[in-house]
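Have a look at the structure below, then the notes.
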Amino acid sequence: MTDAHSKATNIVTPEKLAKYFAITEEALAMAKGAVIPERHAQALEALDMAERYVSDAHHFHDNGDDVLAFAALNYAHGWLDAGARLGLFDVHDSRLFTVDDR
């Protein structure tokens, strides 16, 4: 049982979903502008998958399924993080990616 002052962490609130849409879309935009030329083909694959999952997230949200929207955003961000860690994108923002800042 939770009291009135505790915050539920197992619920996808509209605020939480909006935050994750914003973070993921910001990371996607940054990654698009930071493709390592020698890894262009692989980077495009990762970006394509991330874009598809973001699109899916919008579709799920528009159809009232915020749980699936949240899941799709996490998959999208996973593709972006993997691309950053594998050296597909020259990104150095630990707020958006699992990389070190410069």
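With neighbours defined as other Cβ atoms within 10 Å of a residue's Cβ, the residues TYR75, TYR53, TYR20 order from fewest to most as TYR75, TYR20, TYR53. Length gained on full extension, ASP48 to ASN74: 7.9 nm, using 0.36 nm per residue less the C-alpha separation.
Ellipticity at 222 nm from helices only: DSSP H runs of n ≥ 4 in the chain, each -39500 (n - 2.57), divided by the residue count, give -21000 deg cm²/dmol.
Ranked by how many other Cβ atoms sit within 10 Å of their own Cβ, fewest first, the residues THR24, THR13 fall in the order THR13, THR24. Under unit Cβ charges (Lys, Arg +1; Asp, Glu -1), what dipole magnitude, rounded to 20 debye, does the chain have relative to its Cα centre? It works out to roughly 160 debye. Looking at segment 1-94, the trypsin sites (Lys or Arg not before Pro) that sit in a DSSP loop and have at most 12 other Cβ atoms within 10 Å of their own Cβ are LYS7. Which option, (1) 42, 31, 21; (2) 46, 28, 25; (3) 53, 32, 17, is the value of Cα extents along the principal axes in Å that was calculated from these coordinates? This structure yields the entry labelled (3).
Only the coordinates and a few stated rules stand behind these numbers; no lab work does. Remember, predicted model here, so these are calculated numbers, not experimental data. Note: ideal-geometry Cβ built from the backbone for every residue, glycine included; neighbour counts use all protein chains shown.
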